[in-house]
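Asks: Sharing a structure below in structure tokens format, with a few things to ask.
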Amino acid sequence: MLNSVEDCCIQQENEILALEAIYPQDFTYTENKENPSRYEGSLTIQISLPHEIMICFIDDKNLISDLPLKVRHLPPVKLIFSMPSNYPMEDCLQFELECYWMQRDWIRRLEKRLLKIWEEERDVILFRFAEFLQNNALDYLQVSYPLRIYDDNVGQTTLKALLSTYDQQAKNQDFVNDHFTCGICLEEKHGDKCYRLDSCQHVFCQVCLREYFMMLIQEGFVIQVKCPDPGCKSPNKLAKEEITEIVGHEMSQRYTELLEKQKLETDPLVTYCPRKICQAPVKKESAIERLCVCTKCTFAFCWFCQRTWHGANVPCAINNIKKIVQEYLAADEATKSTLELRYGTKNIEKLVRDTLEEMETDKWIKSNAQKCPQCETAIEKSMGCNHMLCTRCKTHFCYLCGSWIDPEEPYNHFNASNSSCNQRLFDGVNVDEFVADEFIFV
């Protein structure tokens, strides 16, 4: 009997040493020579999945309770053991399994299967247990995919959240342990020296990616801060958090500022506060065409001339607008750039557009209307005689020459022999449109 116990002790020591070498991170034990079970400990065993699987979460009524989750890794099974003094020659290990995502029925079935394996082999068995649980547990349980798991809470956290977190951590560890060819320097690097972009999953070494992005940001080419792979077709932009992780907070802040600036510069409704101490972007939101109010310093200014607000009916203080527009239209690119720098690109574009429209309007008014001599309101005559009454200021005037007419004797103007409009009251009028009896000719 003594030799049998000593043999068991030697076999146990050898098994412990082997497991320490095979599972340095997952195997722990304690030794107590005075205890009948000299060795006690635990072994954490990773479950191998054939491929990425889908998990469905069900409630106590066997109904799906949440959106499915796709994972490549499942949390491990923990095997807790103690070795009786006559293990492995006579008795089996005393053991139990723990796994928070497995059903209790699954755990009991696996424990029975492990006990049967020992009965078949009656030898040191921990490694054999670990091998079975890692490679054959799910097949033995005959699970089908998508995997159906009861949606229970583990402490204060949902099972789904725990599985998702573990899967991501395991994927990150796989990445760290792998090797990749950098798409920039084309050198093979260890995973812990590389970075994988979330948007497209392309991998580059950290040094190359950081230097490439920092160069683009420093030079102001923030639109080009995207995957460097020329064949990348991902439409997704890099998240701000991802850029910060790659280039650091300070450079990420510059990236955000430049990106926002470029966005504002392409917005036709955005200008900048003309106060030198402010210079904040201002979006045109006022109902009054030219009024802008800076949201940062509350300064009210004119959209066109960029000066203090002068009122809607007061023309801008830019002198010789038509001359400036004519100079701009006839200028070469260098001169245009100088004028844009002086007056503002948006302003001068607006001035050109408005001036051309005004010139067309003036041309039409000269051909089709006459200005009131009092308020200068342009009035078009659609029918009737050349004696006009301004609808705005009630001034009487001649449509032919634009002269003021005495409201007391309005037709004297058309009867005076020295008037250029003598006998021209109905010049340009289609007489057929009128009934002759309605008019008295003097």
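Asks: Assigned to a helix (DSSP H, G or I), in contact with a Phe, Trp or Tyr (Cβ under 7 Å, 6 or more places away or on another chain) and basic (Lys, Arg), is that true of residue 109? Don't jump to the end; show me each part of the working.
Replies: Details: assigned to a helix (DSSP H, G or I): yes; in contact with a Phe, Trp or Tyr (Cβ under 7 Å, 6 or more places away or on another chain): no; basic (Lys, Arg): yes.
No; evaluated as a whole, the condition is false for this residue.
Asks: Under the condition of being surrounded by fewer than 16 Cβ atoms within 10 Å (Cβ to Cβ) and basic (Lys, Arg), which residue from the stretch 292-337 is nearest to the chain's Cα centre (by Cα)?
Replies: For the stretch 292-337, the residue satisfying everything is 296.
Asks: Still on this model: Of all residues in the stretch 200-224, which are at pLDDT below 90 and among the β-branched types (Val, Ile, Thr)?
Replies: 222, 223
Asks: Quick check on residue 180: is it part of a strand (DSSP E or B), in contact (Cβ under 8 Å) with a residue 12 or more places away in the chain and surrounded by 15 or more Cβ atoms within 10 Å (Cβ to Cβ)? Even if it seems obvious, please write down each step before you answer.
Replies: Values: part of a strand (DSSP E or B): yes; in contact (Cβ under 8 Å) with a residue 12 or more places away in the chain: yes; surrounded by 15 or more Cβ atoms within 10 Å (Cβ to Cβ): yes.
Yes: the conditions hold for residue 180.
Asks: Still on this structure: Does the stretch 65-77 include one or more residues that are in a helix (DSSP H, G or I) and either β-branched (Val, Ile, Thr) or not assigned by TED's automatic domain parsing to the domain that holds residue 29 (or both)?
Replies: Within the stretch 65-77, the subset in a helix (DSSP H, G or I) is none.
No, the stretch 65-77 has no match at all.
Asks: What residue, among those in the stretch 224-270 that are over 25 Å from residue 204 (Cα atoms) and acidic (Asp, Glu), is nearest to the chain's Cα centre (by Cα)? Talk me through it step by step, then tell me what you get.
Replies: Filtering the stretch 224-270 for residues over 25 Å from residue 204 (Cα atoms) gives 257, 260-270.
Subsequent filtering for residues that are acidic (Asp, Glu) retains 257, 260, 265, 267.
On the way: 257: 15, 260: 12, 265: 19, 267: 18 Å.
By that ranking, first place goes to 260.
Asks: Return a yes/no flag: does the stretch 257-270 have any residue that is under 23 Å from residue 313 (Cα atoms) and touching a strand residue (DSSP E or B) at 6+ places or on another chain (Cβ under 7 Å).
Replies: Within the stretch 257-270, one or more residues are under 23 Å from residue 313 (Cα atoms) and touching a strand residue (DSSP E or B) at 6+ places or on another chain (Cβ under 7 Å).
Asks: Output the residues belonging to the stretch 189-199 that are surrounded by 12 or more Cβ atoms within 10 Å (Cβ to Cβ) and at pLDDT 90 or above.
Replies: Within the stretch 189-199, 189, 190, 191, 193, 194, 195, 196, 197 meet the criteria.
Asks: Working only within the stretch 54-93, note down all residues that are small (Gly, Ala, Ser) and closer than 30 Å to residue 10 by Cα. Even if it seems obvious, please write down each step before you answer.
Replies: Initial filter on the stretch 54-93 (small (Gly, Ala, Ser)): 65, 82, 85.
Those that are small (Gly, Ala, Ser) and closer than 30 Å to residue 10 by Cα: 82, 85.
Asks: Just give me the residues in the stretch 183-216 being in a loop (DSSP other than H, G, I, E, B) and in contact with a Ser or Thr (Cβ under 9 Å, 6 or more places away or on another chain), in sequence order.
Replies: The initial filter retains those residues of the stretch 183-216 that are in a loop (DSSP other than H, G, I, E, B), namely 183-187, 197-202.
Hits for the stretch 183-216 are 187, 197, 199, 200, 201, 202.
Asks: On the given criteria, is residue 143 surrounded by fewer than 13 Cβ atoms within 10 Å (Cβ to Cβ), free of Cβ contacts under 8 Å to residues at least 60 places away in the same chain, among the hydrophobic types (A, V, I, L, M, F, W, C) and at negative phi?
Replies: Numbers: surrounded by fewer than 13 Cβ atoms within 10 Å (Cβ to Cβ): no; free of Cβ contacts under 8 Å to residues at least 60 places away in the same chain: yes; among the hydrophobic types (A, V, I, L, M, F, W, C): yes; at negative phi: yes.
Answer is no for this residue.
Asks: Has the stretch 338-346 got any residue that is modelled with pLDDT of 85 or more and either closer than 30 Å to residue 214 by Cβ or surrounded by 13 or more Cβ atoms within 10 Å (Cβ to Cβ) (or both)? Step through it out loud before you land on a result.
Replies: The first filter runs over the stretch 338-346 and keeps only residues modelled with pLDDT of 85 or more, leaving none.
Scanning the stretch 338-346 turns up no residue that is modelled with pLDDT of 85 or more and either closer than 30 Å to residue 214 by Cβ or surrounded by 13 or more Cβ atoms within 10 Å (Cβ to Cβ) (or both).
Asks: Take the stretch 223-278 and flag every residue that is outside any helix (DSSP H, G or I) and small (Gly, Ala, Ser). Let's see the steps before the verdict.
Replies: The initial filter retains those residues of the stretch 223-278 that are outside any helix (DSSP H, G or I), namely 225-239, 248, 266-278.
Within the stretch 223-278, 231, 234, 239, 248 meet the criteria.
Asks: Moving to a separate point now. May I ask you to list the residues in the stretch 72-116 that are more than 50 Å from the chain's Cα centre (by Cα) and in contact (Cβ under 8 Å) with a residue 60 or more places away in the chain?
Replies: 83, 85, 86, 87, 88, 89, 90
The values are calculated or read from the model by the stated rules, or taken from the named source; none is laboratory data. Just so it is clear, the model here is predicted, and its values are computed rather than measured. Using ideal geometry, Cβ is built from the backbone for each residue, glycine included, and neighbour counts are taken over all protein chains shown.
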